[in-house]
Amino acid sequence: MKLDGTIAIEAPPRKVWELAINPLRLAGCVPGVQDLRQVDDRTFEGTVTASVGPIDGNFSFQSVVTEATFPDALVVQVQGSDSVTKSRLRMDVRASVAERGPAATDLAYHAVVSVQGRLAILGEMVLRATAGMMIAQVTRCLRSQLEPGVPAAAGSGDASDEPAISMPVPPPVE
């Protein structure tokens, strides 16, 4: 599954980048992250409590920052498994920032996610819906931390607050 999008943030690119490359700060924007700990200067481990379709569980993960070159390349590899089905997840994420104005930034991301095990049986639509909800929450949190005057509960929940996620159209069923 591929997830692509751009998050518009009313803050300078360097400020957005500094938050994005700091996993300990960024984790505060990812719903359900718990027990994040730094293993070394590029490796972090923790757990995420999440619901994916009918399955609620704790997902242990390890993330490794493989590249961090401002403003074009933040590359992170994430691997993990869930506590209920023991399904495995691998995610390769690439992000960059681009100046959109004097104090405005586009944070672009591209993620390739692969899931093996019982979670994969739920299908891409369920996994994509869960990812979409999490990305929307991350977007609101980033804006609340970086944009002046945006309250912590930023976002009205309408479509303009939601980042774009490309979704392929499934082939017709015969």
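The values are calculated or read from the model by the stated rules, or taken from the named source; none is laboratory data. Note that the coordinates shown come from a computational prediction; the quantities given were computed from them, not determined experimentally. Virtual Cβ from ideal backbone geometry, glycine too; neighbours counted across all protein chains shown. All accessible areas refer to the heavy atoms of the entire protein, side chains included, with ligands and DNA or RNA removed. Shrake-Rupley method; radii C 1.70, N 1.55, O 1.52, S 1.80 Å.
Rundown of residues vs (1) in contact with a helix residue (DSSP H, G or I) (Cβ under 9 Å, 6 or more places away or on another chain); (2) at pLDDT below 95, yes/no style:
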{"site": "Ile55", "(1), (2)": "yes, yes"}
{"site": "Gln77", "(1), (2)": "no, no"}
{"site": "Ala108", "(1), (2)": "no, no"}
{"site": "Ala111", "(1), (2)": "yes, no"}
{"site": "Arg118", "(1), (2)": "no, yes"}
{"site": "Ile121", "(1), (2)": "no, yes"}
{"site": "Leu127", "(1), (2)": "yes, yes"}
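Only one of these is more than 21 Å from Ala68 (Cα to Cα) and either open to solvent by 20 Å² or more (accessible area, probe 1.4 Å) or of a type in the set (Asp, Glu) (or both): Ser96, Ser114, Ser87. Name it. Give the steps one after another, and end with the answer.
Working: Ser96 fails: more than 21 Å from Ala68 (Cα to Cα); Ser87 fails: either open to solvent by 20 Å² or more (accessible area, probe 1.4 Å) or of a type in the set (Asp, Glu) (or both).
Within the list Ser96, Ser114, Ser87, the selection yields Ser114.
Which residues, taken from the stretch 22-37, are open to solvent by 70 Å² or more (accessible area, probe 1.4 Å) and either within 26 Å of Ala98 (Cα to Cα) or at pLDDT below 95 (or both)? Give the steps one after another, and end with the answer.
Within the stretch 22-37, the first condition is being open to solvent by 70 Å² or more (accessible area, probe 1.4 Å), and the residues that meet it are 24-25, 34-35, 37.
Of everything in the stretch 22-37, those that are open to solvent by 70 Å² or more (accessible area, probe 1.4 Å) and either within 26 Å of Ala98 (Cα to Cα) or at pLDDT below 95 (or both) turn out to be Leu24, Arg25, Gln34, Asp35.
Among the candidates Thr49, Thr66, Thr6, single out the residue that is within 16 Å of Val138 (Cβ to Cβ), modelled with pLDDT of 95 or more and open to solvent by 60 Å² or more (accessible area, probe 1.4 Å). Explain how you work it out, then say what you get.
On the way: Thr49 fails: modelled with pLDDT of 95 or more; Thr66 fails: within 16 Å of Val138 (Cβ to Cβ).
Just one listed residue meets the conditions, Thr6.
Consider the stretch 101-111. How many of its residues are surrounded by 18 or more Cβ atoms within 10 Å (Cβ to Cβ) and either without any contact (Cβ under 8 Å) to a residue 12 or more places away in the chain or part of a helix (DSSP H, G or I) (or both)? Please lay out each step first, then the result.
Step one: filter the stretch 101-111 for residues surrounded by 18 or more Cβ atoms within 10 Å (Cβ to Cβ), giving 105, 107, 109, 111.
If we keep only those that are either without any contact (Cβ under 8 Å) to a residue 12 or more places away in the chain or part of a helix (DSSP H, G or I) (or both) too, we end up with none.
Qualifying residue count, the stretch 101-111: 0.
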